[in-house]
Every structure is written in structure tokens, then in C-alpha cells.
Amino acid sequence: MMTEPYWWDSAGPPQPTERRELPKEVDVLVVGAGLTGLSASRTLAKGGKSVLCVDAGPPGIGASSRNGGMIGGGHRVTADTMCARYGKQVAARLLRELHLDSTEFALSLMAEEKIDCDFSRTGRFVAQWAPAHYENSARDLDRLQSMVRIDAEMVPRNRQHEELTTDLYHGGVLYGLHGGLNPAKWLAGLLRAAESAGALVQSHSPVTDLHRTGSGFRAGIAGTSVRAGEVLIATNGYTAGQFGATGKRIFPVPSYIIVTEELGTNRVRSLFPKDRMIVETREKHCYYRPSPDGKRIVFGGRAALFQAPPWFFRRQLTGLLTGIFPELKGVAITHSWKGNTGFTFEMSPHVGKIDGLWHAMGYCGNGNSMAPYLGYKAASRILGDSNGETAFAETPLPDRWWFRGQPWFLIFVDAAFRGRDAWSGMRGRLAKRS
């Protein structure tokens, strides 16, 4: 059983950078060398800034190289909720950036930098766990499409097998501008692009101290001191307490992934007739897809909202997989791993500045497109470039008085989610019988 991401088999694991003497002073210090930090570093360096991008481990060792390998816009906050929170005008801009601009930016970046990351535009099918979910999604899609022109349609239950060969769900929503990729190759391509632009990327260089000094900041990094005019925190689900107020506004949610043994392209295609990326609406939030070569199934989900041991989450995910596809009982699991996603209390990403520190984070499990996009936006704002305009800088990034960096509350949320899934699943079974 491999306990490292399946993606690393073909891309190789994230590697330490060559050790170099750190500069005494830079224009911008970027903390975190994942998709956000590398995209920002590339933009800043191309804009003429001296940039140091540091990471506590190898670049991309976190969620950037170990996620589920899906790319596309959208999230679980409804259009109506966003309108109620921010007003229709700002909500429409947020929705456009979420569903269109972020993905289009990521695809243009792949093309410009010639990044081969096994991208395939497959579409994404959002499977509805209960009949009420389908009805709510249909209403929300109508509302969304009245505000943003997106390629999406409802697929009723009697057509579900066109997208996914299971009877578990109650139809779904099909989104066209979505696809799959190898996140480790996507990360490696952005690393090359950032370094080619002139950014200095240094691994195994945790920031142990960060404080204001004059008009800038002084950072303690790997036993030395670096002065920076600006600092961008790009750590998302790995944000630590030393980053001040930012760390009180984002919390890590673990996500877990397993991969089956090779099943063969015919068997996988029989389950995924159109090679779609699949996400579901129950609180366990299972997400799954064929591997890029079409021979395996990559299957992830919230097996727990706490840091679960490997034996526990493997058993949980295997049970969820065979609950969807009973014909896979007995199939061997060859890879299993976990990583942290970064969530905000309003379930929406954010870019901005708090107590003098810039940040871009809170992708809520949608980082392959949003992370490089908001990294670019944050960098453009630092440069004073009009390209930095984004609605994600106009919304609040709230904290909670009872949260001080340790997500103690997630174990209670986990119990509540399991109860909600059980209730909605029972209602769904009753609906099928009637």
C-alpha cells in the first residue's frame, strides 16, 4: 500500500530546491510555495519585483500536489445566499470569477507556460444525494444562469446512467467548463514558470518569526533574517498561528483519497461512460474520477473532519466507494493519502490585506483553479496593477471569537454531518420506494 499520492508515481514527488544563501532584503516575501505562492511569485517577478518564495517543505508538498485532480469553478454557497450577503452586483462578479474567470485563467496559464499536466476537459457531474437536493439545485442553477452565462444543465434521474453507472443518486447537474489533471504535474509546471520568471524559491525554510519593522517586515527564516517590503501569506490549509489575524480566519479541513488497483479501461468506462469528474451533494462530499490513463478510480471524500489514522479513512472511503459501485467489492486499494483544504467561515475564498500582511486563501476544496487565479490577483494588487481587481477583495474575511487557530469544533461538525447524511439518505430511499 502506497501512502504517497498516486500523482507522484508519474510526476515524481515534490523535490527540495537547491540550497542557496537567502538575500538580506527582497521586495516581496511569499510564504508558501504551492499553487497560490508560485503563481503570485511568477507574476511579481515578471512585474520587476525581487521575490523570495519559501516553504517549510518541498514546494507543493501540501494540497497543491495531493488533491483530487479536478479543475473547474463553483462552490457550495448558493447564488441566493451570495446575493443576500453581498448584494446582487457583487455576487454576480464573485460567481463569474468562481465559475468562469478562474478556470479560464488557469487554462491560459497552462497554454502560455506550456505546462503538460494531463489536462482533459471532461465536464463535471454533481450527483444529487436526495430528491430535495435535485430540486434545490435546479432552482439555484436557474438563478445562477440568470446572473452568469455558464455551460450547465440538469440531468434527471432517468438519464443518470448516461453520466455515471450507479442508482445511488437522484440525478445531477452537469457543468461543461470542468476537467481533470495531474495536480503534481500542474504544480511542477508552475514552479518552473516562477523560477524562469526570476523568483527565488527555497524549500525547507519555515518562517519562524514575522514582525513589522519600519515600512516593511522582518522574517526569521531557516536561521537567518530577511527584510521584505511586502509579505504575501499563501499557506491556505496549512496556515500557522504566527501569521497573526490571518490564521484566525481560515481553518484546515482534512480530505482523504484512495486509488484502486488497475481495473482496465473497459471496466472503468462502464462506470464512467463519459469520463466525467464526479462530485456529490451529501456532507461526506465524495469526489471521484477515472485516473488520467482511464485504468483506475481516484476516490476522495471527507472520511472524517478530524485527522484520522490511515486504517480508519481507508476503511471509510472503501465503504463509500463500494456503496456507490457494489460491483467493486473486493477490489484492491493501492494508494491512500490525505491533505488539508483551507476553509473560511463564509465558505468563500478571499484576497486582501490584514494588519499589513497580504493573503490569498480559503478555496474550500476548489484550489486547482482558484489558487493560481487569486495568487495572480494578489500579486497584481501588490504591483499596483489594475489586473488585481477582483470581487474577492471586496467581501469580508470574518473571524470567530471562539476560534484561535485550533479547529476544535470540527469533531462536532463531523457528527452533525453524519446525522444529516443519514437523514437525507433515509428520505431518499423512501422516495425511491414510493
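Observations, loosely collected:
- Of the residues making up the range 294-323, those that are touching a Ser or Thr at 6+ places or on another chain (Cβ under 8 Å) and either part of a loop (DSSP other than H, G, I, E, B) or open to solvent by 20 Å² or more (accessible area, probe 1.4 Å) (or both) are Gly294, Lys295, Arg296, Arg302, Pro310, Arg314.
- The lone criterion from (1) at pLDDT below 95; (2) within 19 Å of Ser196 (Cα to Cα) left unmet by Thr78 is number (2).
- Count of the range 339-362 residues which are part of a strand (DSSP E or B) and of a type outside the set (Val, Ile, Thr): 12
- Residue match in the range 230-246 (condition: of a type in the set (Phe, Trp, Tyr), out of contact with any Lys or Arg (no Cβ under 9 Å at 6 or more places or on another chain) and part of a strand (DSSP E or B)): no
- Glu153 vs. criteria free of Cβ contacts under 8 Å to residues at least 24 places away in the same chain and in contact with a Leu (Cβ under 9 Å, 6 or more places away or on another chain): yes
- Selection within the range 333-362 - open to solvent by 20 Å² or more (accessible area, probe 1.4 Å) and in contact with a Gly (Cβ under 8 Å, 6 or more places away or on another chain): Asn340, Thr341, Ile354, Asp355, Trp358
- Of all residues making up the range 376-397, the number that are farther than 19 Å from Gly37 by Cα and open to solvent by less than 30 Å² (accessible area, probe 1.4 Å): 3
- Of everything in the range 256-273 that is assigned to a helix (DSSP H, G or I) and touching a residue at least 12 places away in the same chain (Cβ under 8 Å), the residue that is surrounded by the most Cβ atoms within 10 Å (Cβ to Cβ) is Val268.
Residues are listed down the side, and each one gets a yes or a no for (1) in contact with a strand residue (DSSP E or B) (Cβ under 6 Å, 6 or more places away or on another chain); (2) modelled with pLDDT under 95:
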{"residue": "Arg124", "(1), (2)": "yes, no"}
{"residue": "Val155", "(1), (2)": "yes, no"}
{"residue": "Asp167", "(1), (2)": "no, no"}
{"residue": "His170", "(1), (2)": "no, no"}
{"residue": "Leu174", "(1), (2)": "yes, no"}
{"residue": "His178", "(1), (2)": "yes, no"}
{"residue": "Leu210", "(1), (2)": "yes, yes"}
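- Glu25 vs. criteria within 22 Å of Leu232 (Cβ to Cβ) and surrounded by fewer than 17 Cβ atoms within 10 Å (Cβ to Cβ): yes
- Out of Gly365, Gly330, one residue alone is in a loop (DSSP other than H, G, I, E, B), modelled with pLDDT under 95 and open to solvent by 10 Å² or more (accessible area, probe 1.4 Å). It is Gly365.
- Some residue of the range 247-255 being open to solvent by less than 40 Å² (accessible area, probe 1.4 Å), outside any strand (DSSP E or B) and over 28 Å from Glu113 (Cα atoms): yes
- Strands (runs of 3 or more DSSP E) (entirely within the range 110-191) containing at least 1 residues that are touching a Pro at 6+ places or on another chain (Cβ under 8 Å) and exposed (fewer than 15 other Cβ atoms within 10 Å of the Cβ): none
- Qualifying residue in the range 100-111 (condition: of a type in the set (Asp, Glu) and closer than 30 Å to Ser41 by Cα): yes
The values are calculated or read from the model by the stated rules, or taken from the named source; none is laboratory data. Please read all numbers here as calculations on a predicted model, not as lab measurements. Heads up, the Cβs are rebuilt from the backbone with ideal geometry, glycines too, and the neighbour counts pull from every protein chain shown. We work out accessible area using only protein heavy atoms, side chains counted, and drop any ligands, DNA or RNA first. Shrake-Rupley method; radii C 1.70, N 1.55, O 1.52, S 1.80 Å.
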